Amino acid sequence: MRTKKVRGIARDTLQFILEASRSSLPMEFAGLLSVEDEIITEVLILPGTESSRMSALVRLYMLPNMQVAGSAHSHPSGDLRPSEQDIIFFSRTGDYHLIVGPPFDFQSWACYDGSGRRRDLAILDVKFKDDWFDDEFDDDIGEESDDRLNEGRR
Ligand code: ZN
C-alpha cells in the first residue's frame, strides 16, 4: 500500500496523540495515522505493546479503503529513538512515524521515515468542521474561554 503525498500533521491531531500518550502512562500509547487531503488528521488506536502491534496491524490492513500514512506511539522512558522492533514496524506501515515522550508537549516528539531515519513533519493549522460552532458563539463567551477556543487555530 503506497502513501500519498503528505504535507504535514494537523495541530489538533498531534495534540491528541500527546494527550493520549500522557494519559496512557505508564503504558505505551500506539496508533496508526491516516491522511485526508494530504494532511494527517486521524489516529486509529492500536491495542497492545510493541511486540503485539504487528498482529493488530495485519487486521487493520484488511479493512477496505484504509489510507495509512504511518504510525504514532509513545516511549514513556523519554528516549525518542526507535527500537529495533519499531523499525521493523515502520518499514511496513507507511512513511511517517511519530515517537512522543514526556513531557508530551509540542517539543517532545520526533518523526521518522519507513527505515527509521529522522525526517521533518510540518505542524499545520487546519480548520475542522466543528470550528464553525466556536465562531458562531465566540461573542457570547468570556475572554478566558476565547483563549482556549482559539488555541487550535494559531
Ligand atoms: Zn517504540
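The values are calculated or read from the model by the stated rules, or taken from the named source; none is laboratory data. The model shown is predicted, which means the values in this text are computed figures rather than measured ones. Heads up, the Cβs are rebuilt from the backbone with ideal geometry, glycines too, and the neighbour counts pull from every protein chain shown.
Quick notes on this structure:
- Every residue from the stretch 69-112 that is within 14 Å of the chain's Cα centre (by Cα), of a type in the set (D, E, K, R) and surrounded by 16 or more Cβ atoms within 10 Å (Cβ to Cβ): D95
- Qualifying residue in the stretch 50-61 (condition: assigned to a helix (DSSP H, G or I), modelled with pLDDT of 85 or more, within 13 Å of the ligand (Cβ to nearest atom) and surrounded by fewer than 16 Cβ atoms within 10 Å (Cβ to Cβ)): no
- Matching residues in the stretch 1-27 - criterion: being modelled with pLDDT of 95 or more and of a type in the set (S, T, Y): T13
- Residue in the stretch 64-74 that is at pLDDT below 90, within 9 Å of the ligand (Cβ to nearest atom), among the hydrophobic types (A, V, I, L, M, F, W, C) and touching a helix residue (DSSP H, G or I) at 6+ places or on another chain (Cβ under 7 Å) present: no
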